[in-house]
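Okay, so here's the structure we're looking at.
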Amino acid sequence: MSDVHILQLLAIMYLSIWIGAIIKPKTFERVLENFANNIAISYLGWIIAVIIWYIMVAFHNTWWWNLSTVITVISWLCLLKGILLFLIPDWYSTTLKKLIKIKSLPTIFAVFTNLLGIGLLVIGYYI
């Protein structure tokens, strides 16, 4: 899988999350609540984050200013998330519960994932 394919896949994933958060904000909040309240789901998230990190870094661990660097940064952020989920799940859960109380969270998250998705879409399809 080339850099362009990975960026296109990430763009589609982030734009899908954006659409879901805009169309069904209550569902988005329930997903976050379940993630914050269920330790098993947190550990599953840890496993998935570390697997994604390993696969992406194994093939795209470059720090030159090109498409691979975008993939490398996203993959190292996956590892950071995995470490947080595994080593300090209580802190992660508590922080997530505080974020859920913010009424504008779905909108903030939607704007962030939209910008990230559009940026990756432009890079993946037009550059």
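The values are calculated or read from the model by the stated rules, or taken from the named source; none is laboratory data. On a predicted model such as this, the values are computed, not experimentally measured, just so you know. Glycine also receives a Cβ, built like all others from the backbone with ideal geometry; neighbour counts cover every protein chain displayed.
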Seminar exercise, completed: In the stretch 1-17, anything over 23 Å from Leu85 (Cα atoms), crowded, with 16+ Cβ neighbours inside 10 Å and at pLDDT 80 or above is listed as Ile6, Leu7, Gln8, Ala11, Leu15
For this session: Determine which single condition Leu84 fails, assuming it passes every other condition in (1) part of a helix (DSSP H, G or I); (2) at pLDDT 80 or above.
Result: (2)
Exercise. Here are some residues: Ser93, Ser75, Ser68. Which one is assigned to a helix (DSSP H, G or I) and closer than 22 Å to Ala21 by Cα?
Worked result: Ser93
Seminar exercise, completed: Of the residues in the stretch 103-122, those that are surrounded by 17 or more Cβ atoms within 10 Å (Cβ to Cβ) and within 14 Å of the chain's Cα centre (by Cα) number 7
For this session: Mind listing just one residue for me: the one in the stretch 28-58 that is among the aromatic types (Phe, Trp, Tyr) and touching a residue at least 12 places away in the same chain (Cβ under 8 Å) and, of those, nearest to Ser104 (Cα to Cα)?
Result: Phe28
Exercise. Are there any pairs with C-beta distances below 8 angstrom linking a residue in the stretch 8-24 that is on the phi < 0 side of the Ramachandran plot to a residue that is crowded, with 20+ Cβ neighbours inside 10 Å and of a type in the set (Ser, Thr, Tyr), with the two at least 6 apart or on different chains, and if so which?
Worked result: Tyr14/Thr113; Leu15/Thr113; Ile17/Thr113; Trp18/Thr113; Ala21/Thr113
Problem set entry | Hits in the stretch 23-46 - residues which are in contact with a Ser or Thr (Cβ under 9 Å, 6 or more places away or on another chain) and surrounded by 14 or more Cβ atoms within 10 Å (Cβ to Cβ) | Pro25, Phe35, Ala36, Ser42
Exercise. Could we say that Ile102 is outside any helix (DSSP H, G or I) and at pLDDT 80 or above here?
Worked result: yes
Exercise. Taking the condition out of contact with any Pro (no Cβ under 6 Å at 6 or more places or on another chain) and in contact (Cβ under 8 Å) with a residue 40 or more places away in the chain, does Pro106 pass?
Worked result: no
